Amino acid sequence: DDVVQARVSTALADFVDISLVEILRGPQGTLFGRNTIAGAVQVRHNAPEMDAWGASVSAQVGDFGRQDVKLIGNMPINDMMAARLAVKSTKHDGYWHNEAIDKDRGATERITLLPSLRIQPNDSLDIVLRGEYNKTRDDTYPSQSHHYCRNDPRNLFLGGPVDNDLVITTQTLFNLIVLGQNPILAADNAA
C-alpha cells in the first residue's frame, strides 16, 4: 500500500487480505525512490467495500502443530464510510527437536491485525486509512538476532574472558572437533 517495508524481517510476515502483488523488475527509482535499484515488490490490500456486509473465516491445520486461523470482516457504517478488519493467527511447533534442552525448535507464533476505514464523501474523493499490528514470537533462525564475537573466540582456548553467544561458541567447537581444525583456525573461521 505504498508504505516502504525496508527490513528483511517483513519477508516473514503473513499475507492477509491481499488484493494484488506486483513484481517490478529492474531499477524503480523513478516511482519508488533511490533504494529500489534491483526492483520492487508492490503489495496492496483490499479496501473496505462501501455497500457490502461480509465476513469470511478460514483455517489450516497440519503436521508439527500447524494451526492458522484467518478472519476477515467488512462493514458499511453509513453512505460515506465503511470499515474492514482482517485478523490472522499463525502457530507452528517447529520442524526439529533439540534433545539437549528437550525443546522443539523452529516454532512460530504470530498474530496480525489489519484494520482499515474508507471514507468516500463524493465520487471524486476516496480516502482509505489503514493500520497494521504484528506480534511475532518466532525461534526460527532468520528471525533471531545473533551477536557474533563480542569477545575474541580464541579466548575459549586461551583462557581470556568468554562472552560469545552460543552460536559462535558452538561454531568454534564444531570447527575444532568435527572439522579437525586447530584451535586458532577454528576460532578464526567461526569469527
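The table below gives the values:
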item	result
Ranked order, Met75, Met81 - accessible area, probe 1.4 Å, largest first	Met75, Met81
Computed accessible area, Thr170, all protein chains, 1.4 angstrom probe, square angstrom	70 Å²
Within-12-Å neighbourhood charge of Asp68 [Cβ basis; K, R +1; D, E -1]	+3
Whole-Hz couplings from phi, Karplus 6.51/-1.76/1.60, listed for the stretch 177-189; x for Gly and Pro	7, 7, 7, x, 7, 5, x, 5, 5, 4, 5, 5, 5
Asp93-Asn134 FRET efficiency (beta carbon distance; Förster radius 25 Å; 0.05 resolution)	0.80
Heavy-atom SASA rank of Tyr133, Tyr95 (probe 1.4 Å, accessible area, largest first)	Tyr95, Tyr133
Local electrostatic count, Val87, Cβ distance below 12 Å [Lys/Arg +1, Asp/Glu -1]	+1
With all protein chains modelled, accessible area of Glu132 [1.4 Å, Å²]	110 Å²
Efficiency of FRET between Ile184 and Ala100 - r from beta-carbon atoms, R0 35 angstrom, step 0.05	0.85
Of the trypsin sites (Lys or Arg not before Pro) in the stretch 3-104, those whose Cβ has at most 16 other Cβ within 10 Å and which sit in DSSP loop	Arg7, Arg34
Proximal charge balance of Leu113 [Cβ under 13 Å; K/R count +1, D/E count -1]	+3
Computed label-point distance, nm, for sites Leu125 and Asp1 using a 7 Å Cα→Cβ extension	2.0 nm
Set of aspartates and glutamates near Lys70 by C-alpha distance (under 17 Å), chain-local residues within fewer than 8 positions excluded	Asp14, Asp17, Glu109, Glu132
Rg/Rg_globular for the stretch 92-133, with Rg_globular taken as 2.2 N^0.38 Å and Rg from C-alpha atoms	2.34
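The values are calculated or read from the model by the stated rules, or taken from the named source; none is laboratory data. Everything numeric here is computed off the predicted structure, so don't read it as measured data. Neighbour counts are summed over all protein chains in view; Cβ atoms, including those assigned to glycine, are modelled from backbone coordinates with ideal geometry. Side chains included, ligands, DNA and RNA excluded: accessible areas come from the protein's heavy atoms. Shrake-Rupley method; radii C 1.70, N 1.55, O 1.52, S 1.80 Å.
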